[in-house]
Each structure stands twice: as C-alpha cells, then as structure tokens.
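A short worksheet on the structure shown next.
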Amino acid sequence: MTTDITYLGKIIHVDSGIVEVEVSDEIPSAAPIINGRLYKIGQIGTFVKMLIGNITIYGIVSAVSNAPSNSDETNLKFNFGSRFLSVQLIGEKIGEDDFEKGVGTYPTINDEVHLVVEKDLFDIYGKHDEGSIEIGKHSSSENLSVYIDIHKLILRHCAILGSTGSGKSNTTVSILKAILNHYIGSRVVLVDPHGEYASAFPEAKVFKINDSTNPLFIPFWLMNFDELAYFLVGAKPADDQKVEYRKFRELITELKKENNILVSGTVDKNYITADSPIPFSARKLWWKMNWWLNASFTTTKKDEQTEETAVLENNGDYENLIGAKFTSHLSTPFANSPHVSQHKEFYSYEKKMLSRLKDSRFDFLFNPGDFKGIPGTKDLHNLLNEWIGSTQKLTILDLSGVPFEVLDITVGLITRFIYDSMFWGRNEAYTGKNRPLLLAYEEAHTYLNKNDDNSYSRQAVEQVFKEGRKFGLGALVISQRPSEISETILAQVGTYIALRLTNSGDQSIVKSSAPDNLNNLIDLLPTLRTGEAIIVGEAIKIPSRVRIKLNNPRPTSDDPKLVEAWSKAHPENPDNYKSVVTSIRQQKL
Ligand SMILES: Nc1ncnc2c1ncn2[C@@H]1O[C@H](COP(=O)(O)OP(=O)(O)OP(=O)(O)O)[C@@H](O)[C@H]1O
Ligand SMILES: [Mg+2]
C-alpha cells in the first residue's frame, strides 16, 4: 500500500461516469490532518482524485455505504466492515493545464484514489478573472473562493431556489452586488413584488407607485388587444364572434390611428393595429361606447343610426368621465321625436370599463403621468431611458403597491416591453447585444405559475428564457416553490443555485431539472444551513456546496424579532391604525 497520507483506496467498479471505491482499511485515520487541516473521509459532496499518468481525474463523493452497490449472495468475499464510496466523475486536469469539466480518460479497476487537499481545490476553482465573480466560499474551506462565470450565469439564465428563510434574497443581493461592483457597464432590472430590495441597494434607482421622485408608470396602451379586452372589459379571445368584441377592436384601432404623430417618431398608419403600443385615451374609448349606448336618433332603423342622425345636445367631457348628452327620446311623445339607440352592444363593456377607470388603484396604468406619447409629453423611449438607460446600473421596479389582480399583467407588460426593446435594438451600440441586461424576478412562483393557463407574465418570461440570449437578455428567477414554476422556464435554466429546500416536491423538481447528473448532491438540500447553497450548472466549473456571505445593508426581509416584540406590553391607543388605514388607501407608506 502507498504511504501517501492522501491515499484513500482503490477502484473496484467503473460504470460510465460513476466509479466505486473501496476505502482501504489500512488508512491511519478516518479524519486525517493534512497541512494543519482536518479532512473527513467519505463526506458526501467532498472531492477525490485519481492519478493516471499526467492526468488527474476529479470526482465527487455521491454515496457512502458499507457494502458495494453490486454485492449479492455470491459476492460475499467483501469485508462488510469496510466502506465503499460512489464517486461521480466531474472533470480532469492534464499536466499543468487548467481544470476542465468532463472527462476524456476513465480510470479503471485498482487505480488509486486520493483525497483532494486544499491545493487541488485551488487548482479546480482557479483564479478570479475578468469573466467571473465571487459568489461565496466553499463549504469545506473558508479560504477557498468560489467563482461563477458571469457570461454563462446571465445569458444562459439562472435560478435561486430555496424554502422560505433559506437565504434567497441575501444570495440575490450578493450576486447583484458583485456584478454591479465589478462591471461598470452592467445593467439589471429587478422585479420586486414585496419592495424589499431598496434598502439593500442605496444607489439603485427605485420606481414605486405614488413615489414622489420616481413614480412607477406602466402605460396601459403597452397592452396588446387581447390584454386590453380582458383587462378593460373582461372579454376573452373566445368572444371573437360577439359584435361588441369586434366593435371594441375597431374603436381601439381607430383611436390608435388618430395618434400616429409621436415623440419617438411618426408611425405609418397602415402599420397600426389594435395590438400596436400606440397611446390612446382610455377615457375617450369609454366615452365612445357611452355615446353609442345613450344616443338618440332621428330614425328607428339601426343601420341609419349614425353620427349624422344623432340628436346631440352636448359632448360632455371625456377627461372627466362625463358622457355626451342627447335629446331624450322619452320627453317628446310626437312621431318625429328622437328614437332610442339600437346600439346596445356595449352595455356591459361600458359599465366594466367605467369602474376600472374610476378605481384609483389602477392609476399607474390609466393615468401614466406625462407618458402620453404626443408632442410635448413623454413617450416610450423616455420610459426606457429611465428604466434601463441611466448610469445607475440597477433599477428596482417595486411592485408592492400593484393590486394583486393586475400583478400578472404588470410583470407581463414590463417583461415584454424590455424584451421588445432588446429585440428591436439588438444591433444598437447602446443596448441589445452591445449592452446585455439581466432581468431578475423575485417571488417568481406567484406570477410564473405553471397551472395558470392565462398568465400573461408567464408567456412573456418564457419568451425571455427561450430567445433572450440571442440579443443580450438574461433572466434570473428567485422562488421558494420551484414545483409551481413553469416547466418551460426551469428547463431553460443553465445554473441552479439551490439553498435549503425542505419540500420533497420542490426537491425533485431541482433534481430533475439540474443539468448535471448529481442527484446525491441534490439530496443534501434539506440539510443545508441558512445561506448555504448547492450550485450546479453552466456557470460553475464544478458542482459545489458554497457558503454565501451575509450582506449589509440587507433587504428588508429579515425575520421580525418575535420574542423581543412579544416580551413587552403594547398599550392601547385609539389613534393606532389611522396611518395604516391611510397607507392602505393611498398604497403608500
Ligand atoms: N448567508 C447567510 N448567512 C447567515 N444568515 C443568513 C444568510 N442569508 C440569510 N441569512 C438570514 O436568514 C434570514 C432569511 O434570509 P432571506 O431573507 O435571504 O431568506 P429568503 O430565502 O429570501 O426568504 P423568503 O422566502 O421568506 O423571502 C435573514 O434573517 C438573514 O439574516
Ligand atoms: Mg426573500
């Protein structure tokens, strides 16, 4: 036997990427100390190496047992007191070259297996270069920084998954901070449904509903026709056969065509459809429907009831939601008195739309400040410049004031708008391929749910995951319920950062979607400590267990200090909750 202190044992079985090692019963200790460091033999997730000539093959311990995995009745020559390790081969290093993922040469029976010491780990993880950022320290060594390849992390997309309180938000902050500190031209848009990130990034530009400096506006006219119809009047594409649905489309197209002279440039009317993101007045749309419903006419014949035959008294005021006035068809009982409108199709649409327009919670959509597109106001290029064109590299879209029923469509609009800007700007020097962008989605399971067939955000985000890479758009999803997230999205995730995950359904999703075949490493997920992650996939040289540092300042997601709060008395005060109620009303803290 070798006297080498790192010697572990010999290979007894080789099966494609997995080898089985019989640990020598002559090794002096199960926990040898090498260069002052304690190593534990047979810890799942630790590395071992095999030397074949000038090639070093590295593997990761994925299972430990006291019998070889293929033992049976006739195979009793094995000493059942000994230990057997299953080792997943992960990469190799030829001579003095750098470590490479994947193996070209396989070890064989009786090849020696050695412990990996700190120096080997430094060889594997390599040095920090321009293309990588430090994500944390290796769990087995406090001195060993783990780097991830930023190009692959962003453009092949990534996911941060873990149960509540496992440290996802903190991990997100670590990664974003490393990116922002390292790359002067980087840019990130963070979709933050609970408004928890502004505190962690004092330098970021934060857009928020009702904010006095950077109010969040998402002009409703970014919606395509299906979205407008659903959102404004509750109609679905299946209503296509209904007269009111078709007329509604015509009205919208007509209003959009009236507005083709825009600040960003004039748009040819022939290209304008009900789907084009052209500004129009939602109030005028309501007013028009109201007009047809309430008009009185000089004729009873429906097809002769037109604008010319209407008996109009005044036009009302659409900006203030006052409908036009007509001479009443009831007031004069003579034969030639005005006649009631036969155009009652919009009856239910008009009512629904009026209640939408009067609901101040939707003001960020329907009253989008100066974003009117027409000369003298702001257009969509101003919105893009504010969101993704500023020198502040991180933009936080704080959606905490967005009513839950419109969260889906809001995330959908944001995503599609940024996607379109990257697609159509793909060759511009300042965006697209020439300045990639990362879109990060916190609490992704709430709006990217796989069971929701009508999810606008899911469709838009799936498109980013499928196509974004080609024009510089990468995505990061953060979620505590991976089993609820769209499978299309998870299948496109190149790098998984999996923190403690206790639910077995969620674990199996990570297991089946993780790109490397490392199920045993994934089995560790329920036992990880807070802030500890298993990272697998394209952006990391080798699947690793990593400790992520606790950041300061932090997102406002820290646990409340329950014991402290419950340990003191709280006096009654009838004025309590007044400001809370005002905040509920104004959707503003
Ligand atoms: N790397 C870390 N080291 C030590 N403590 C950590 C680490 N990361 C997070 N914590 C602690 O764990 C708690 C929860 O962290 P965090 O808010 O990041 O979890 P989360 O997974 O985002 O939870 P949620 O699903 O509820 O949003 C925090 O109070 C934080 O102080
Ligand atoms: Mg969180």
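Results, tabulated for the structure shown:
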{"quantity": "Helix 504-513 axis, angle to the chain major axis (alpha carbon atoms, nearest 10°)", "calculated": "80"}
{"quantity": "DSSP beta bridges in the chain [antiparallel fraction, %, rounded to 5]", "calculated": "70"}
{"quantity": "Pair Asn382, Asp25: separation of 7 Å Cα→Cβ label points (nm)", "calculated": "8.2"}
{"quantity": "Relative contact order computed over the chain (Cα-Cα under 8 Å; 6+ residues apart), in percent", "calculated": "19"}
{"quantity": "Under Karplus coefficients 6.51, -1.76 and 1.60, residue-wise ³J(HN,Hα) of segment 483-495 in Hz, glycine/proline x", "calculated": "5, 9, 7, 3, 5, 4, 5, 4, 5, 9, 6, x, 10"}
{"quantity": "Value of [θ]222 nm, deg cm²/dmol, for the chain, DSSP H segments ≥ 4, -39500 (n - 2.57) each, nearest 500", "calculated": "-7500 deg cm²/dmol"}
{"quantity": "Quotient of C-alpha Rg and 2.2 N^0.38 Å, computed over the chain", "calculated": "1.27"}
{"quantity": "Ranked by how many other beta carbons lie within 10 Å on average, peptides 255-263, 288-296 from highest", "calculated": "288-296, 255-263"}
{"quantity": "Distance between modelled label sites at Arg37 and Thr527, nm, 7 Å Cα→Cβ extension", "calculated": "2.1"}
{"quantity": "FRET efficiency, Phe122 to Lys450 (Cβ-Cβ, R0 45 Å, nearest 0.05)", "calculated": "0.60"}
{"quantity": "Cα-based Lys proximity count in segment 7-125, under 21 Å, for pairs eight or more positions apart or on separate chains", "calculated": "12"}
{"quantity": "For segment 353-397 versus segment 177-237, the gap between their alpha-carbon centres in whole angstrom", "calculated": "10"}
{"quantity": "Sites His151 and Asp268, calculated FRET efficiency, Cβ-Cβ separation with R0 35 Å, nearest 0.05", "calculated": "0.35"}
{"quantity": "Anisotropy class of segment 7-125 from Cα gyration tensor, a/c 1.5 cut", "calculated": "oblate"}
{"quantity": "Protection-proxy order for peptides 568-580, 451-463, each taking the mean of Cβ atoms within 10 Å per residue, highest first", "calculated": "451-463, 568-580"}
{"quantity": "Percentage relative contact order, segment 7-125, counting C-alpha pairs under 8 Å, at least six apart", "calculated": "33"}
{"quantity": "Inter-probe distance in nm under a simple model that places probes 7 Å from Cα toward Cβ, at Asp575 and Ile109", "calculated": "8.6"}
{"quantity": "Karplus-derived HN-Hα couplings along segment 531-538 (A = 6.51, B = -1.76, C = 1.60, θ = phi - 60°), whole Hz, x at Gly and Pro", "calculated": "x, 10, 9, 9, 10, 10, x, 5"}
{"quantity": "Amide H contacts of Gly494 (H built 1.01 Å from N, under 5 Å, at least 5 apart or other chain)", "calculated": "His157, Cys158"}
{"quantity": "Karplus 3J(HN,Hα) series, Hz, for segment 105-112 with 6.51 cos²θ - 1.76 cosθ + 1.60 (x for Gly, Pro)", "calculated": "10, 9, x, 9, 3, 6, 5, 6"}
{"quantity": "Cβ crowding within 10 Å averaged over residues, with 378-389, 168-179 ranked highest first", "calculated": "168-179, 378-389"}
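Any read-out appearing in this document is the output of simple, stated calculations on the displayed coordinates, not a laboratory observation. Because the structure is predicted, anything quoted here is derived from the model rather than measured. Cβ coordinates were reconstructed from backbone atoms using ideal geometry, including for glycine residues, and neighbour counts include every protein chain displayed.
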